[in-house]
Structures are given as structure tokens and as C-alpha cells.
Amino acid sequence: MYAVHLLGQILDVNHDSTLPPLPAKVDLAVVGAGAVGLAHAVEAHVRGLSVLVVDAAQRPAGSTARRGGHVAITTQDSTALACALASRERWLKLGREAGFGVRESGAVVVARHVDELAVLDDLVAARAGDATLLTGQEVADHAPAPDAVGGALLPLDLRVEPASALGIIADWLGGRPQAHVAWTTAAQTFDAGSGCTLLRTSRGEVVAKRVVVAVGHDVGQLFGEVGDRLLPVRRQMLRISSPLPDGGRAAERVAAGPVLVGASTLLRDSAYLHSRALGEVRERLRTRHPDLLAAEIHLTLAAQPDGSVVVGDGRAPADAPGRSEDVDELLLRETAALLGTGRPTVRSRWSATEVVRAPEPGADDPFVLTEPMPGVRTVTVADGLATTTALGLAPRMLDSLF
Ligand SMILES: Cc1cc2nc3c(=O)[nH]c(=O)nc-3n(C[C@H](O)[C@H](O)[C@H](O)COP(=O)(O)OP(=O)(O)OC[C@H]3O[C@@H](n4cnc5c(N)ncnc54)[C@H](O)[C@@H]3O)c2cc1C
């Protein structure tokens, strides 16, 4: 009875729109078309389920669309590593099927101090074959980093261009049978029915057997108690002109090469936490470069085909709406130091919000998964790891949902 009543309501509400109407009923409704939401929608489609994705924005505009494009497989640990490795295969397959570029670029972590090299040595030992220690000269073969004392080559890491990849995935999915993607459609409320959920959106209603809510840092607006478990953090990024002396040629070489990663990421990525040498790195930074620690500078340089370089990222001030010039200066200073160049020219600046987990006993992975009501799951990936892990997390979630 309930389902019939719901269907009546749906037909009533879904009539007045210049956009295609929402389907009346689907197996899976996904709220949010970022990396997490689309990963779940694609997995559902591959399993033969009917799927609807709704997103409040007109086109990909969330955190995923604002990042630099490094899928950082190798420096994850435990569950996140398993999901990252599974994600890798799926990124490559999806890129081929949907028609966007996934570059097997690898990444090079550059050590400019011997303590950093000791941490990388531990990583290479732990990753048996999936990471290689480099001498300073070998680092130079991959990338301009004149002060490098060594480094680590992480050949499994990938590059995608997130904003265009998301758009292409969404268009590809929306063109498949039994799959719908509705932009400009905000999820508003969720009502439990018997074995299904009525999802109300700004463009009408749909009955879904299961719902995945993947709205990143906005989850608290829909489910306040989930939002309480997350802390939003704004991060600043820059696009710079190629700072390399011979401009074009060197820039092309870097664009075709691996992502360059600075050693301050040793304090961020979970794979390094097992290294006994990490304490020395932290202590040196604490005493000599407290500004880098305070601003959480995690240097990642992703060269673009046009010769520009996307530089990520540092933490924006929490207590002010704008960005911090100091953080931008630190990013530029560290970039110049790594590449051995002068101060790069900034072409554009932006920030994006990611979430970190609020301290929680026993929580040791970036996945905040909840079931606020039967059949509805919220899936939030913290610590800036959604693009790296979501395609590997989605099969696990789908196994538990259907
Ligand atoms: C500076 C920076 C650098 C990063 N670098 C990396 C990296 O190198 N590698 C990596 O793996 N990750 C990285 N990340 C993290 C990664 O980008 C995020 O973890 C990830 O994009 C979050 O994906 P998401 O799908 O959860 O959210 P989003 O991409 O934010 O997507 C959420 C979507 O939900 C929609 N939405 C919100 N509310 C509603 C509603 N009520 N109804 C419908 N739709 C709604 C939004 O419009 C949005 O499109 C970085 C993050 C930042 C900020």
C-alpha cells in the first residue's frame, strides 16, 4: 500500500520540469556525484542494478573536482591500502570504458635530508616491489630536484584530471541503460518505507531500495549526527607557470613524468607511521620549520599538459573566510626549494574543503560509514583519500547493501 501511495505522489511531483523526469523507482539512489558517489553508482551499474545519481550542482563542483589529480596508492595502509589497490584496477578500466585519461605516471617522493631517506627506506622494505629507493642521481633522471639526497619511486600511483574525469564518468553512466544522472537536484529528506526509502529532492521524489549518501563535507546538512564525527578543513592550492629554466621542454618532461611529492607528506600518509625514523623528521621540522607543520604543508606537484603545475596543498585558516597569503608563500617557497628554481609565478589560486575524522577511539581508517536509517548509508572518505580509495570501497559497500 505504502509503495502505491508513494508512486502516486511521485507521478504528481515529477511532472513539471524542462529537465528529464526522475525515474519513479530504482534499486540504488546515490546522493552526490563526486568521486565517492560516482564510484558507488558505477559499481551498482556494473552489477546490473538500476541507479539514479542526484547532485545539487550543475556539473562536478565538489572537492573532487578541485584537486590536483594524484591517486596516491602506495602510501596508504591497511584497509585504505586494500581499497586503493582495488581502486587502481577500476580507475584504469573505467578510464578505458568511459573514455578519459588515466596516466600510469607513478610518483616520486623526494628526500632532501637523510632522515627522510631513512623513512622512505622503511616504506620500500614494507612495500616489497611496489616501491623503489632512488639515489639523488636517479631522482634527477625522473624529475628536476637538484638538492635530492634520494627518493622513492612509487610506480603504482596514477594521475587523473578530476574535474573532466567526473564529468565524463557521469555522462557515460547517464547514457547507459537503467542509469540516470540528475544535476541541479538536491536531496532533501529520506522517509523509510517497507523495504525501500522515499527520497525527496528539489526536483521530485524517487523510491529507492537502497540509498547511498556521498556528499562529502555537506553530510552534516542531511544527517547532523554524522557531521558531528567530521571536521571540515579548507585546503589551499595553486596553479603556477612552469618554474623550470628551459620552460617548454623541461615542462613537457615533467608533465609526462611522475607526480613529485615533497617529504612533508611523510607526516601525513599512513604508510609512513610504522617507520622508526619518522620521529627524527618530525623533530627536525618542529625545531627548524614549525611554519610548515603549523600550515600542514603537504607539497605535491602535478604538472599539466599545458606546462602549468598544480601545487597542493596547505591548510587555510579556520577562523577567517579568505585564504592565507602566508600559506601560499610557504607553498611557493617549498616548490622553489624542491625544484631548485626561483619563485614561481602564480596563475590561479583556489581552495577546497576536505574532512578529517573527529578523534574517535578505534578509528584507524579514513572511512566514516553510517546507517542513519534502514537502507540508507552515508559514505564519507576523510583525510583527502576519496579519489584514491572510493572505487575500491564501493564493491565492499554494495556487497553489504544488496
Ligand atoms: C586540496 C585537496 C587536495 C586533495 N588531493 C587529493 C588527492 O591527491 N588524492 C585523493 O584521493 N584525494 C584528494 N583530496 C580529497 C578528495 O578530493 C576528497 O576526499 C573527495 O573529493 C571527496 O569526495 P566526495 O565524493 O566525498 O565529495 P565531493 O567531491 O565534494 O562531492 C560531493 C557532491 O555532493 C553534492 N551534494 C552536496 N549536498 C548535496 C545534496 N543535498 N543533494 C545532492 N547533492 C549534494 C555536491 O554538489 C558535490 O558534487 C583532496 C582534497 C582537497 C581539498
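The values are calculated or read from the model by the stated rules, or taken from the named source; none is laboratory data. Predicted, not measured: the structure shown is a model, and the values here were computed from it. No Cβ is skipped: glycine too gets one built from the backbone with ideal geometry, and neighbour counts run over all protein chains shown.
Only one of the numbered conditions (1) within 16 Å of the ligand (Cβ to nearest atom); (2) within 30 Å of GLY227 (Cβ to Cβ); (3) part of a strand (DSSP E or B) is violated by VAL109, and that is (2). The condition of being surrounded by fewer than 24 Cβ atoms within 10 Å (Cβ to Cβ) and away from the ligand (no atom under 16 Å from the Cβ) holds for ALA128. Is it fair to say VAL149 is modelled with pLDDT of 95 or more, touching a Gly at 6+ places or on another chain (Cβ under 6 Å), not assigned by TED's automatic domain parsing to the domain that holds VAL54 and not charged (D, E, K, R)? Taking the combined requirement at face value, the residue satisfies it.
The test for being modelled with pLDDT of 95 or more and either farther than 30 Å from LEU273 by Cβ or surrounded by 15 or more Cβ atoms within 10 Å (Cβ to Cβ) (or both) holds for ALA84.
Of the numbered criteria (1) assigned to a helix (DSSP H, G or I); (2) outside the structural domain of GLU334 (by TED's automatic domain parsing), the one GLN137 fails is (2). Listed by first and then second residue, the pairs linking a residue in the range 381-394 that is farther than 18 Å from THR353 by Cα to a residue that is within 7 Å of the ligand (Cβ to nearest atom) and among the β-branched types (Val, Ile, Thr), with Cβ atoms under 9 Å apart and 6 or more places separating them unless they lie on different chains, are LEU393/VAL36; LEU393/VAL381; ALA394/VAL36. Taking the range 349-402 as the range and being within 21 Å of LEU166 (Cβ to Cβ), of a type outside the set (A, V, I, L, M) and in a loop (DSSP other than H, G, I, E, B) as the test, the residues that pass are PRO366, ASP383, GLY384.
A count restricted to the range 159-184 and to residues that are out of contact with any Pro (no Cβ under 6 Å at 6 or more places or on another chain) and modelled with pLDDT of 95 or more stands at 16.
Here the condition is being touching a helix residue (DSSP H, G or I) at 6+ places or on another chain (Cβ under 9 Å) and surrounded by fewer than 23 Cβ atoms within 10 Å (Cβ to Cβ); of LEU94, LEU120, LEU156, it holds for LEU156 alone. Looking across the range 282-296 at every residue that is touching a Leu at 6+ places or on another chain (Cβ under 8 Å) and not basic (Lys, Arg), the one that is nearest to ARG315 (Cα to Cα) is identified as ALA295.
Being crowded, with 16+ Cβ neighbours inside 10 Å and within 25 Å of ASP328 (Cβ to Cβ) is the requirement here; does VAL355 meet it? Yes. Here's a check for you: in the range 290-330, which residue that is assigned to a loop (DSSP other than H, G, I, E, B) and of a type in the set (Asp, Glu) is nearest to HIS142 (Cα to Cα)? Across the range 290-330, the extreme among qualifying residues is ASP306. Among the residues of the range 333-349, which ones are surrounded by fewer than 17 Cβ atoms within 10 Å (Cβ to Cβ), modelled with pLDDT of 90 or more and not basic (Lys, Arg)? ALA336, ALA337, THR345, VAL346, SER348, listed by residue number.
Residues in the range 336-359 that are within 15 Å of the ligand (Cβ to nearest atom), farther than 22 Å from THR388 by Cβ and of a type in the set (Ser, Thr, Tyr): SER348 alone. Would you confirm whether any residue within the range 176-192 is within 10 Å of the ligand (Cβ to nearest atom), among the aromatic types (Phe, Trp, Tyr) and assigned by TED's automatic domain parsing to the domain that holds GLY32? So far as the range 176-192 goes, yes, one or more of its residues are within 10 Å of the ligand (Cβ to nearest atom), among the aromatic types (Phe, Trp, Tyr) and assigned by TED's automatic domain parsing to the domain that holds GLY32. Which one of these is among the aliphatic types (A, V, I, L, M), surrounded by fewer than 22 Cβ atoms within 10 Å (Cβ to Cβ), within 15 Å of the ligand (Cβ to nearest atom) and not in a loop (DSSP other than H, G, I, E, B): VAL212, VAL233, VAL219? Within the list VAL212, VAL233, VAL219, the selection yields VAL233. Here the condition is being charged (D, E, K, R) and within 11 Å of the ligand (Cβ to nearest atom); of ASP313, ASP291, ASP319, it holds for ASP313 alone.
Can you spot a residue in the range 162-180 that is surrounded by 23 or more Cβ atoms within 10 Å (Cβ to Cβ), part of a strand (DSSP E or B) and in contact (Cβ under 8 Å) with a residue 40 or more places away in the chain? Checked the range 162-180: no residue is surrounded by 23 or more Cβ atoms within 10 Å (Cβ to Cβ), part of a strand (DSSP E or B) and in contact (Cβ under 8 Å) with a residue 40 or more places away in the chain.
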